[in-house]
1. Could you check how many residues of region 94-129 are buried (at least 18 other Cβ atoms within 10 Å of the Cβ) and either of a type in the set (Lys, Arg) or part of a loop (DSSP other than H, G, I, E, B) (or both)?
2. Restricting to region 231-277, name every residue that is acidic (Asp, Glu) and either without any contact (Cβ under 8 Å) to a residue 24 or more places away in the chain or open to solvent by less than 50 Å² (accessible area, probe 1.4 Å) (or both).
3. Report yes if some residue within region 152-164 is modelled with pLDDT under 95 and among the small types (Gly, Ala, Ser); otherwise report no.
4. If you go through region 147-160 one residue at a time, do you hit one that is under 27 Å from residue 261 (Cβ atoms), in contact (Cβ under 8 Å) with a residue 60 or more places away in the chain and out of contact with any Leu (no Cβ under 9 Å at 6 or more places or on another chain)?
5. Just wondering, is there one or more residues in region 182-193 that are modelled with pLDDT of 95 or more and out of contact with any His (no Cβ under 7 Å at 6 or more places or on another chain)?
6. Which one of 36, 65 is open to solvent by 40 Å² or more (accessible area, probe 1.4 Å), under 16 Å from residue 121 (Cβ atoms) and outside any strand (DSSP E or B)?
7. Show the residue pairs that are 6+ apart or on different chains and have beta-carbon atoms under 8 Å apart, the first residue being within region 72-85 and touching a residue at least 40 places away in the same chain (Cβ under 8 Å), the second being among the small types (Gly, Ala, Ser) and surrounded by 15 or more Cβ atoms within 10 Å (Cβ to Cβ).
8. Taking the stated definitions as given, is residue 85 in a strand (DSSP E or B) and either open to solvent by 70 Å² or more (accessible area, probe 1.4 Å) or among the basic types (Lys, Arg) (or both)?
Amino acid sequence: MKTILGLVILTGVFVPARAQVQLPTANPQTKFSNGQDVVPVYEGWLRNKDGTFTFVFGYFNRNWQEELAIPAGPDNKIEPGPPDRGQPTYFLPRRQSWVFRVTVPKDWGQQELVWTITSHGRTEKAYAQLMLEEEILERLIQTRGNLNPGEDDPNKPPSITIAPVPSASVASPVTLTALVTDDGLPKPRPAPVPRPEAKGQAQTNNATERPKAGLSVTWAEYRGPAKVTFDSAGPIPVSNGQAVTAAHFSEPGTYVLSAMASDGALRSSTQVTITVK
């Protein structure tokens with residue numbers, strides 16, 4: 001065997017001396033539709049005017065399709081204190097941010113608040129503590145982590161309430177009406193006017209209809225023993241101060257649904273509890 005010009009000669013077979021070999025840790029990313037666990041996420045803490053503090057949590061459902069129902073209890077608990085502190089019990093796929101809050105007293109100090117979730121045989125924990133570098137502002141949540149023009153921005157988040165919900169049953173869908181008011185900001189941007197002289201000179205977008213900015217409401221399941229299906233899976237435009245959809249329940253039980261109103265820049269949310277017979 002001889003080495004000549006960076007090649008290894010072995011019984012007439014030429015092999016590059018620096019052949020690319022994939023390391024054991026360099027595995028291609030794999031997407032799992034189901035079978036994976038849910039990871040609680042600590043997002044940061046808010047300073048309240050009365051001197052108390054609020055811990056903010058989200059979660060990461062590693063599945064791309066599977067939605068898990070994990071009741072509050074041994075497999076979904078908050079410590080210290082009672083295991084049920086209002087945390088979500090129905091987990092949508094992938095990353096869901098800023099979905100759950102726990103307020104602690106002003107003398108909380110450096111104690112830890114721990115959210116533990118066990119699913120598919122695996123236990124994950126999120127540890128919340130009042131670390132200075134983890135303090136966040138309400139505006140960060142309202143913008144969903146997007147560009148924040150600052151506290152002096154005149155735009156205010158929309159206000160949302162839910163009209164009384166009629167009695168619910170598995171046999172028939174339930175009408176959900178969100179009542180939304182807003183300050184009219186941000187103002188919609190005018191559509192760009194094409195230049196006649198530029199026609200045909202470059203690639204152009206010939207679409208005649210584009211999504212219109214404005215108020216909308218998005219529904220999501222927060223708690224419940226089984227999946228809830230909404231007639232409108234995405235944002236519902238607000239018309240005359242209302243956004244209406246219907247929810248379909250597959251099993252009886254107590255459900256908590258979240259409605260998030262958006263003006264295109266800021267968001268606010270509320271919840272409604274529905275008992276399904």
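The values are calculated or read from the model by the stated rules, or taken from the named source; none is laboratory data. This structure is a prediction, so every number in the text was calculated from the model and none was measured. Reconstructed Cβ throughout: ideal geometry from the backbone, glycine too, with neighbour counts over all protein chains shown. Only protein heavy atoms, including side chains, enter the accessible area calculation; ligands, DNA and RNA are left aside. Shrake-Rupley method; radii C 1.70, N 1.55, O 1.52, S 1.80 Å.
1. 0
2. Taking region 231-277 and keeping what is acidic (Asp, Glu), we get 231, 251, 263.
Residue satisfying the conditions is 263 alone.
3. Within region 152-164 (the criterion being modelled with pLDDT under 95 and among the small types (Gly, Ala, Ser)), the answer is no, since none of the residues qualifies.
4. Filtering region 147-160 for residues under 27 Å from residue 261 (Cβ atoms) gives 147-160.
Next, only the ones that are in contact (Cβ under 8 Å) with a residue 60 or more places away in the chain stay: 155-160.
Keeping just the survivors that are out of contact with any Leu (no Cβ under 9 Å at 6 or more places or on another chain) gives none.
Within region 147-160 (the criterion being under 27 Å from residue 261 (Cβ atoms), in contact (Cβ under 8 Å) with a residue 60 or more places away in the chain and out of contact with any Leu (no Cβ under 9 Å at 6 or more places or on another chain)), the answer is no, since none of the residues qualifies.
5. Kept after step one, since they are modelled with pLDDT of 95 or more, are these residues of region 182-193: 182.
The next check asks that each one be out of contact with any His (no Cβ under 7 Å at 6 or more places or on another chain); those that pass are 182.
Scanning region 182-193, I find at least one residue that is modelled with pLDDT of 95 or more and out of contact with any His (no Cβ under 7 Å at 6 or more places or on another chain), so the answer is yes.
6. Values: 65 fails: under 16 Å from residue 121 (Cβ atoms).
On inspection, the qualifying residue turns out to be 36.
7. Here the result reads 75/119, each pair linking region 72-85 to a residue that is among the small types (Gly, Ala, Ser) and surrounded by 15 or more Cβ atoms within 10 Å (Cβ to Cβ).
8. no
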